[in-house]
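Where a number appears in this text, it was derived from the coordinates with a stated rule and is not lab data. Quick caveat, the model's predicted, so the values are computed rather than measured. With ideal geometry, Cβ positions are generated from the backbone for all residues, glycine too; neighbour counts draw on all protein chains shown.
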Amino acid sequence: MAKTGFFGSIIRIFLCIINVVFLLLGLSVFIVSAVLRWSGNSILNKITSDEAVKSILNVSAINSVTLVLLILGAFITLLSLIGLFGTCCTNRFFLVIYEIIIIVLFIFHGILLVVAAFKSSSIESEFRKALNQTVDDLNSDQTSESDKIQKCSSLKFFSELFECCGANSPSDFKNASYVTECCYRNYSSGCADKTIKSFKENGVNLIVIPNSIVLGLEFFIILLVPFLIGRIARARRLYEEEERIVNIKPTNYQNYRYYN
């Protein structure tokens with residue numbers, strides 16, 4: 001193992017800690033995503049199995065998200081193992097691979113966040129439209145009773161989850177009986193605003209802050225890994241120089257004895 005000096009050792013310890021944290025994070029994301037995707041009792045399975053809720057939420061997109069999270073968890077786990085091996089064993093080859101992947105990941109991560117920020121408004125608009133359409137279908141005489149029951153069930157799902165009633169308010173319903181049938185309680189707020197507000201508030205804690213921290217760590221890793229690679233290369237050159245000197249000395253001594 002190459003000696004990397006004091007600063008090199010500090011960087012190695014820092015990178016080891018970061019990679020251990022990301023290894024645990026990757027495993028957690030993978031396990032949670034697997035449970036959400038395949039467990040029969042998960043909230044995701046309940047949402048995707050409800051035909052009425054499917055009419056409001058884009059279930060295929062939700063399933064795609066869980067698949068992406070599964071792949072992401074596996075990727076983070078593998079990347080952390082590469083980083084740990086390269087850092088702990090001072091292996092330049094694995095550190096170079098690790099650095100390249102982190103740079104690509106940093107660029108991709110940044111682009112993805114920008115796209116998500118611009119896409120959020122269209123997702124919000126589509127959700128409002130779907131929720132209003134559900135209420136319109138309930139108020140319509142053209143809707144069959146079986147469809148009305150399903151749509152009423154979907155609205156009640158959102159009502160119980162977000163403490164709301166109707167799309168915009170309880171007054172959305174032409175039939176007053178829907179307020180008690182399609183709402184968990186007689187809440188005054190509509191589900192469109194309450195749901196979007198809840199996602200936005202939780203989005204700061206669950207998306208913005210964690211992603212900002214991860215981007216910052218990726219940036220520091222991009223800066224630190226080349227420094228560590230340089231330290232390893234320098235230590236290896238010094239070691240080879242010492243070995244060369246050690247191997248030359250006995251030869252010189254033998255030549256001295258031969259000629260004298």
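Please work out whether region 116-227 counts as rounded, prolate or oblate from its C-alpha gyration tensor, where a ≥ b ≥ c are the square roots of the eigenvalues and a/c under 1.5 means rounded, while otherwise a/b larger than b/c means prolate and anything else oblate?
Prolate.
How big is the dipole moment of region 129-253 about its Cα centre under a simple scheme where the beta carbon of each Lys and Arg is +1, that of each Asp and Glu is -1, and everything else is neutral? Debye, nearest 20, please.
Approximately 720 debye in magnitude.
Which of Lys129/Lys156; Lys174/Lys200; Lys151/Lys194; Lys148/Lys200 have a Cα-Cα distance over 26 Å?
Lys174/Lys200; Lys148/Lys200
Short version: ³J(HN,Hα) in whole Hz for each residue of region 188-202, in order, from phi by Karplus 6.51 cos²θ - 1.76 cosθ + 1.60 (θ = phi - 60°), x for Gly and Pro, what are they?
Once rounded to whole Hz, the list reads 8, 8, x, 6, 4, 5, 5, 5, 5, 4, 5, 5, 5, 5, 6.
So, counting K/R as plus one and D/E as minus one, what does the shell of residues with Cβ under 9 Å around Ile196 add up to?
Here the count lands on +2.
Sort 173-180, 234-241 for me by packing, meaning the mean count of neighbouring Cβ atoms within 10 Å per residue, highest on top.
173-180, 234-241
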